[in-house]
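Okay, so here's the structure we're looking at.
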Amino acid sequence: MNERAMILVVDDDQSIADLLRDFLENDCFQVLTANDAQQAWAVFQQNTVHCVILDIMMPGENGFDFCRRVRAESHVPILFLSARSDDSDKIRGLTLGGDDYIVKTASPGEIVARVKAVLRRVGTPQSSKVLNYGRITLNKTTREVYVENAYVSLTPKEYELLVLFMEHPKQVFTYDQLLAKFWDGIGDKHTIRVHLSRLREKIEHDSDQPKYLTNVWGIGYRFEGG
């Protein structure tokens with residue numbers, strides 16, 4: 001199921017990191033470990049990571065700060081791992097872009113199950129240079145998009161938006177995430193709606209009843225590919 005997905009475990013307690021690595025590898029995942037945020041960032045930058053298990057309380061930069069750094073350039077799933085069950089920490093972690101929050105009293109088996117669940121939910125980012133879903137084909141090498149074999153001219157912003165959605169089918173992207181990634185946090189929901197409306201007109205058979213780029217009401221959008 002995981003197609004050898006790469007999991008990054010970040011925890012300053014080496015015994016916990018080693019235990020999780022053993023359980024994840026036993027389930028055929030690839031695993032990288034780091035003991036602090038600085039080391040984790042270097043590992044993250046140098047490898048294709050599909051999911052991060054992230055401790056909150058670490059020396060130096062904490063897990064919340066590291067999450068912010070990752071979210072500035074990636075939508076990889078992040079599962080917070082904390083010794084605290086306090087609701088405020090959980091709310092803060094999810095608000096910052098975390099996909100799940102796990103208390104350390106959970107068994108390693110449960111943590112592996114939660115990793116599998118989030119990967120099923122968001123899908124593993126594709127590495128292919130050609131993305132093909134239904135009537136849409138996108139070639140990342142030539143930056144060309146075809147709909148039912150007919151070339152479609154997209155603006156640079158429309159193209160980058162479509163790449164993001166097609167590389168992460170079923171994953172919900174919030175308005176805040178899209179604004180941060182494509183507009184440096186400047187703008188509002190209307191800005192996103194206008195761009196996605198124009199993109200829909202070019203790739204959908206009926207832009208009023210979209211099959212691919214769908215709204216998640218009050219939250220954002222997702223690509224119904226796969």
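The values are calculated or read from the model by the stated rules, or taken from the named source; none is laboratory data. All of these numbers come straight from a predicted model, not from anything done at the bench. Using ideal geometry, Cβ is built from the backbone for each residue, glycine included, and neighbour counts are taken over all protein chains shown.
For the stretch 69-80, check the following and say yes or no: at least one residue is in the same structural domain as Arg114 (by TED's automatic domain parsing), modelled with pLDDT of 90 or more and in contact with a Ser or Thr (Cβ under 9 Å, 6 or more places away or on another chain). No, the stretch 69-80 contains no residue that is in the same structural domain as Arg114 (by TED's automatic domain parsing), modelled with pLDDT of 90 or more and in contact with a Ser or Thr (Cβ under 9 Å, 6 or more places away or on another chain). Do the conditions hold for Asp55, that is, is it under 23 Å from Asp18 (Cβ atoms), buried (at least 18 other Cβ atoms within 10 Å of the Cβ), among the charged types (D, E, K, R) and touching a helix residue (DSSP H, G or I) at 6+ places or on another chain (Cβ under 9 Å)? Spelling it out, Asp55 is indeed under 23 Å from Asp18 (Cβ atoms), buried (at least 18 other Cβ atoms within 10 Å of the Cβ), among the charged types (D, E, K, R) and touching a helix residue (DSSP H, G or I) at 6+ places or on another chain (Cβ under 9 Å).
For Ser207, the test of being at pLDDT below 90, farther than 22 Å from Asp99 by Cβ and of a type in the set (Ser, Thr, Tyr) is passed. Restricted to the stretch 1-86, the set of strands (runs of 3 or more DSSP E) holding at least 2 residues that are touching a His at 6+ places or on another chain (Cβ under 9 Å) and on the phi < 0 side of the Ramachandran plot comprises 6-10.
Assess whether Lys189 counts as being within 23 Å of Thr95 (Cβ to Cβ), free of Cβ contacts under 8 Å to residues at least 24 places away in the same chain, touching a helix residue (DSSP H, G or I) at 6+ places or on another chain (Cβ under 9 Å) and not polar (S, T, N, Q). The answer is yes for Lys189. In the stretch 130-162, what residues are at pLDDT 90 or above, under 23 Å from Glu73 (Cα atoms) and of a type in the set (Val, Ile, Thr)? Residue satisfying the conditions is Thr155 alone. Out of the residues in the stretch 191-213 that are among the β-branched types (Val, Ile, Thr) and either in a loop (DSSP other than H, G, I, E, B) or surrounded by 17 or more Cβ atoms within 10 Å (Cβ to Cβ) (or both), which is farthest from the chain's Cα centre (by Cα)? Applying the filter and picking the extreme gives Ile203. Could you tell me which of the residues Thr48, Thr33 is touching a residue at least 24 places away in the same chain (Cβ under 8 Å), loosely packed, with under 15 Cβ neighbours inside 10 Å and assigned by TED's automatic domain parsing to the domain that holds Ala83? One residue alone meets the criteria, Thr48.
Considering only the stretch 79-93, how many residues are under 19 Å from Asp176 (Cβ atoms), in contact (Cβ under 8 Å) with a residue 12 or more places away in the chain and surrounded by fewer than 17 Cβ atoms within 10 Å (Cβ to Cβ)? I'd like the intermediate steps shown before the answer.
We begin by selecting, within the stretch 79-93, every residue under 19 Å from Asp176 (Cβ atoms); these are 80, 90-93.
Then keep just the ones that are in contact (Cβ under 8 Å) with a residue 12 or more places away in the chain; that gives 80, 92-93.
Going one step further and asking which of them are surrounded by fewer than 17 Cβ atoms within 10 Å (Cβ to Cβ), we end up with 92.
Residues that pass the stated criteria total 1.
Within the stretch 214-226, restricting attention to residues that are among the small types (Gly, Ala, Ser) and farther than 22 Å from Leu138 by Cα, the residue that is surrounded by the most Cβ atoms within 10 Å (Cβ to Cβ) is Gly220.
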